[in-house]
Structures are given as structure tokens and as C-alpha cells.
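Take a look at the structure below.
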Amino acid sequence: MKHLLYLVLAPLLLSGCSSVQTWKYTSEPKIYKEQDSNLSIAVPSLRDERPNSNSENVFGFLGAAIPLVPYGTVIDFNVPEGSRFFQFKPTEDFSKAITEELNNASIFKEVYYSDRTKDADLILIGTLKESRLKKSFTFYGLSFLGDLLWLFGAPVGWTNNDITIEYKLIDQKYRTYFEKAYSANIEFYNRYWTNPHEIFRVEEAIKKISLELVNDMKNIAIKLPKK
């Protein structure tokens with residue numbers, strides 16, 4: 001019984017001792033071609049409109065051990081950088097990632113990250129609406145016997161990373177040339193023998209948003225006025 005209880009509680013206990021997960025973004029390779037537009041774009045830090053709440057719930061884990069209960073949510077973060085698990089600044093890091101992708105795509109004469117925007121022809125204003133991380137455990141409705149399934153490769157649980165950012169492209173006279181909201185969800189299973197405590201794949205979500213934005217900017221660039 002003690003051995004079984006240790007197997008059940010070990011993932012939860014170790015999650016508090018796991019290393020801090022950091023941000024690392026890899027952009028697409030540089031494309032060398034003539035730019036589609038001779039305008040410059042400044043990309044400032046994102047405006048933050050996320051709900052200011054984080055929740056860690058040990059009872060969600062224990063609740064999942066109740067017979068016939070399918071799962072329990074143990075982590076629900078709206079502001080993940082405010083927890084002990086992460087080391088990154090989404091309002092800055094996401095904008096820097098977008099800047100790098102746009103620069104490498106060679107769409108505009110220049111794209112740079114800065115909160116000083118007065119020297120740019122255009123400004124790509126972004127608003128961070130959501131950066132939610134949610135992690136759940138499951139015992140498959142079998143109470144503590146369910147952890148035996150983990151040992152045979154069944155998922156310990158699953159994690160969702162959800163990002164939503166609204167972008168608007170304006171000029172110095174506040175005329176709007178483009179406006180769109182982008183959302184990405186990365187959902188994956190956690191397994192006992194790999195890394196049941198992994199909860200950070202925000203880079204994948206930002207990559208999806210970045211590439212979609214780059215494609216949209218390619219289409220809008222040819223319609224923009226010349227300098």
C-alpha cells in the first residue's frame with residue numbers, strides 16, 4: 001500500500017521540485033530576396049489584457065483518484081510567468097519572436113522590436129488576450145489502481161497551451177491597414193516514463209501564430225503605399 005501511494009503521489013510531489021522552464025524560440029531561416037515593401041515596421045511590446053489569475057489545485061489531483069471521476073485539473077495559469085515554473089516575459093518575448101520571423105521573411109525594408117515607434121513608417125500593435133496553461137491528471141476512473149496504467153505507457157494526463165493575440169497594423173496617423181486575432185492551441189499527453197511534468201510548449205503556439213501572421217503580412221505588403 002505504501003508503494004502504491006508513493007507511485008500515485010510522486011508525480012505531484014516532483015512537480016514542485018522540477019527545474020524552471022525557460023523560453024527558447026527558433027525562427028524560420030532567413031530568406032534573401034527583394035522586399036515586397038520599402039516601409040519599416042516597429043513592433044512594440046504586447047499590451048496585456050489577460051485575466052490576472054493562477055490556480056494550483058492539489059485537490060484536483062486527489063479528486064481524480066475518486067472512483068469513476070475521469071480526471072482532475074491541478075494547474076490552471078492565465079499568467080504563467082507569475083508562477084514558479086516559468087522564466088519568460090510574454091509581452092516582450094512574443095513580440096521579439098514575431099519581429100524575427102518578419103525580418104527573416106524579407107517582406108519589409110526593416111522590422112525592429114522597440115517601444116519607441118515614432119521613427120517607423122508602420123507600427124504592428126499586438127494585444128495579448130490569452131496565454132493559458134492547463135494541466136490535468138487522470139486515473140481513468142479506477143482510483144489508485146489507475147496509476148498502474150501509467151507504467152504501461154498510458155498518459156498520466158494532458159496539458160493545454162492556449163495563446164490568443166490580436167494584431168493591428170497602423171501608420172503614424174493611426175490609419176489601420178490590417179487587423180486580425182490569432183489563436184493557437186497546443187495539446188499533448190504527459191507520460192510517466194518520459195516527462196510527466198512538462199507543461200510548457202508555448203513556443204509551438206507562438207510559432208503557429210507567427211507563421212500565419214507572416215503569410216498575412218505578405219498579402220498586405222503589396223497593397224501598402226510606397227514610401
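Here are a few things to note about the model shown:
- Gyration tensor (alpha-carbon) shape descriptor, region 86-157, a/c threshold 1.5: prolate
- Annotation: THR22 carries an accessible surface of approximately 80 Å², with a 1.4 Å probe and no ligand, DNA or RNA atoms counted.
- For TYR182, residues with placed amide H under 5 Å, excluding near neighbours: ILE165, GLU166, TYR167
- With all protein chains modelled, accessible area of ILE186 [1.4 Å, Å²]: 20 Å²
- Residue pairs exceeding 23 angstrom between C-alpha atoms, taken from LYS24/LYS109; LYS118/LYS207; LYS24/LYS223; LYS168/LYS227; LYS30/LYS96; LYS168/LYS223: LYS24/LYS109; LYS118/LYS207; LYS24/LYS223.
- Charge context of GLU49, other residues only, Cβ under 12 angstrom, K/R +1, D/E -1: 0
The values are calculated or read from the model by the stated rules, or taken from the named source; none is laboratory data. Keep in mind it's a predicted model, so treat the numbers as computed, not measured. Virtual Cβ from ideal backbone geometry, glycine too; neighbours counted across all protein chains shown. Please note that ligands, DNA and RNA were not included when accessible areas were found on the heavy atoms of the full protein model with its side chains. Shrake-Rupley method; radii C 1.70, N 1.55, O 1.52, S 1.80 Å.
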